[in-house]
Amino acid sequence: MKKYLNIYLVWAGVFIILPLILILLYSFNGSESIAFDNFTFSLRNYQRFFEPIYLKMLGITLLIAFLATLGCLLIGYPVAYIISRMDENVASSLIFVFIMPMWINLLLRTYGWITLLGRNGVLNRFLASLGMDPLGIMYTPTAVVLGMIYEFLPFMVIQIYNALRKVDPNLIEAALDLGANRKTVFKKVTFPLSLPGVYTGIIMVFIPAISTFVVSNLLGGQKVYMIGNLIDQQFTFTGNWGFGSATAIILMLILILALAVQRRFGRDLEGDIV
């Protein structure tokens, strides 16, 4: 066991810790050169991020990620609740249906939405057959949010489903025996006990939503620009690795803050339930 642990530590050090250290060093590099030969310690990259244009971009990113997370929650909770009340074999099959699209490459799934929402896509052709005007959803924040909801909905459903499955049926029966109706049982028993799954699902959706660039790039075009797109551009096109690294570090700090808030709420919730 110790041998495998050492192998894992070496793997983590080479492929996780070392890249993070390099990104941190690049973020403090005042020179735009990729090589460390011209390294000059500077906070210029971090100061640049707090310019109005990038703060506005951060605000748009947080808003879109929030709307996508909210959409996944509003859709995912009822779906998970309905599935959790089904026979175990049927429920497992339905959960498999939610997981199956995740086996397909993210890029291909997103291109599918282009075919659906495009100007001459399936949706607008259907509306045209009904004599209705086409919808200009493509290359708008709405298209990005819809794409994110589709991509990340399984994360929300699975977490809430697992939490609902762990609810002791005896607690529900006891509440019914004491005179509570179904609505009261859900409000006082089922929903509070499922909140750990809700919090975990929110984090598992919010984190990829705030950092993605594939969905926003394909469905948003040049009209919806998020922080993930900014980081990708700095590394692949502009070549300013210092600013890209500083932006990535700031985004990482935001994600760590979100995880800390989730853990705090989770502990408070466990204490209230106990």
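If I ask for residues that are closer than 29 Å to PRO208 by Cβ and either free of Cβ contacts under 8 Å to residues at least 24 places away in the same chain or open to solvent by 70 Å² or more (accessible area, probe 1.4 Å) (or both), which ones from segment 121-140 would you list?
Taking segment 121-140 as the starting set, the residues that turn out to be closer than 29 Å to PRO208 by Cβ are 121-124, 135-140.
Of everything in segment 121-140, those that are closer than 29 Å to PRO208 by Cβ and either free of Cβ contacts under 8 Å to residues at least 24 places away in the same chain or open to solvent by 70 Å² or more (accessible area, probe 1.4 Å) (or both) turn out to be GLY121, VAL122, LEU123, ASN124, LEU135, GLY136, ILE137, TYR139.
Taking ALA163 and the conditions (1) closer than 26 Å to LEU62 by Cα; (2) crowded, with 21+ Cβ neighbours inside 10 Å, which numbered condition does it fall short on, given that it satisfies the others?
All conditions pass for ALA163, except number (1).
Restricting the search to segment 176-193, which residues are open to solvent by 40 Å² or more (accessible area, probe 1.4 Å) and either among the hydrophobic types (A, V, I, L, M, F, W, C) or part of a helix (DSSP H, G or I) (or both)?
Residues of segment 176-193 open to solvent by 40 Å² or more (accessible area, probe 1.4 Å): 176-179, 181-184, 186-188, 191, 193.
Residues satisfying the conditions are LEU176, ASP177, LEU178, ARG182, LYS183, THR184, PHE186, LYS187, LYS188, PHE191, LEU193.
Any residue in segment 91-115 that's without any contact (Cβ under 8 Å) to a residue 24 or more places away in the chain: show its pairings with residues that are among the aliphatic types (A, V, I, L, M) at Cβ separation under 9 Å, as long as the two are six or more apart or on different chains.
LEU94/VAL79; LEU94/ILE82; LEU94/ILE83; LEU94/MET86; GLY112/ILE104; THR115/VAL122
Do we have PHE50 as within 21 Å of GLY242 (Cβ to Cβ), free of Cβ contacts under 8 Å to residues at least 12 places away in the same chain and either among the small types (Gly, Ala, Ser) or open to solvent by 80 Å² or more (accessible area, probe 1.4 Å) (or both) here? I'd like the intermediate steps shown before the answer.
Numbers: within 21 Å of GLY242 (Cβ to Cβ): yes; free of Cβ contacts under 8 Å to residues at least 12 places away in the same chain: yes; either among the small types (Gly, Ala, Ser) or open to solvent by 80 Å² or more (accessible area, probe 1.4 Å) (or both): yes.
So PHE50 passes the test.
Examine segment 217-232 for a residue that is of a type in the set (Val, Ile, Thr), free of Cβ contacts under 8 Å to residues at least 24 places away in the same chain and within 30 Å of SER27 (Cα to Cα), and state whether such a residue exists.
Here is the first cut: in segment 217-232, the residues of a type in the set (Val, Ile, Thr) are 224, 227, 231.
In the following step, the residues that additionally are free of Cβ contacts under 8 Å to residues at least 24 places away in the same chain were identified as 231.
In the following step, the residues that additionally are within 30 Å of SER27 (Cα to Cα) were identified as 231.
The answer is yes, given that some residue of segment 217-232 is of a type in the set (Val, Ile, Thr), free of Cβ contacts under 8 Å to residues at least 24 places away in the same chain and within 30 Å of SER27 (Cα to Cα).
Every residue, every condition in (1) within 22 Å of ILE207 (Cβ to Cβ); (2) part of a helix (DSSP H, G or I); (3) over 24 Å from the mean Cα position of the chain (by Cα); (4) not small (Gly, Ala, Ser), yes or no:
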residue: LEU5; (1), (2), (3), (4): no, yes, yes, yes
residue: GLY13; (1), (2), (3), (4): no, yes, yes, no
residue: LEU25; (1), (2), (3), (4): no, yes, yes, yes
residue: SER31; (1), (2), (3), (4): no, no, yes, no
residue: LEU63; (1), (2), (3), (4): yes, yes, no, yes
residue: LEU74; (1), (2), (3), (4): yes, yes, no, yes
residue: ASN89; (1), (2), (3), (4): no, yes, yes, yes
residue: SER92; (1), (2), (3), (4): no, yes, no, no
residue: LEU107; (1), (2), (3), (4): yes, yes, no, yes
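Within segment 226-247, can you find the residues that are part of a loop (DSSP other than H, G, I, E, B) and out of contact with any Phe, Trp or Tyr (no Cβ under 9 Å at 6 or more places or on another chain)? So that I can check it myself, show each step before the final result.
We begin by selecting, within segment 226-247, every residue part of a loop (DSSP other than H, G, I, E, B); these are 226, 239-240.
Across segment 226-247, the qualifying residues are GLY239, ASN240.
Given VAL214, VAL205, which one is of a type in the set (A, V, I, L, M) and at pLDDT below 90? Don't jump to the end; show me each part of the working.
Numbers: VAL205 fails: at pLDDT below 90.
None of the others qualify; the one that does is VAL214.
So in segment 70-93, with the set limited to residues that are open to solvent by less than 60 Å² (accessible area, probe 1.4 Å) and either among the hydrophobic types (A, V, I, L, M, F, W, C) or in contact with a Gly (Cβ under 6 Å, 6 or more places away or on another chain) (or both), which one is modelled with the lowest pLDDT?
That would be ALA91.
Okay, residues lined up against (1) acidic (Asp, Glu); (2) open to solvent by 60 Å² or more (accessible area, probe 1.4 Å); (3) at pLDDT 80 or above:
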position: MET226; (1), (2), (3): no, no, yes
position: THR236; (1), (2), (3): no, yes, yes
position: THR247; (1), (2), (3): no, no, yes
position: ASP268; (1), (2), (3): yes, yes, no
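Kindly list the number of the only condition in (1) in a helix (DSSP H, G or I); (2) open to solvent by 80 Å² or more (accessible area, probe 1.4 Å); (3) among the acidic types (Asp, Glu); (4) touching a helix residue (DSSP H, G or I) at 6+ places or on another chain (Cβ under 9 Å) that fails for GLU173.
(4) is the only condition that GLU173 fails.
Within segment 201-215, identify whether any single residue is surrounded by fewer than 21 Cβ atoms within 10 Å (Cβ to Cβ) and out of contact with any helix residue (DSSP H, G or I) (no Cβ under 9 Å at 6 or more places or on another chain), and answer yes or no.
No: zero hits.
The values are calculated or read from the model by the stated rules, or taken from the named source; none is laboratory data. On a predicted model such as this, the values are computed, not experimentally measured, just so you know. Cβ atoms come from the backbone with ideal geometry, glycine included; neighbour counts cover every protein chain shown. Quick note on the areas: whole protein, heavy atoms, side chains included, nothing else; ligands and nucleic acids left out. Shrake-Rupley method; radii C 1.70, N 1.55, O 1.52, S 1.80 Å.
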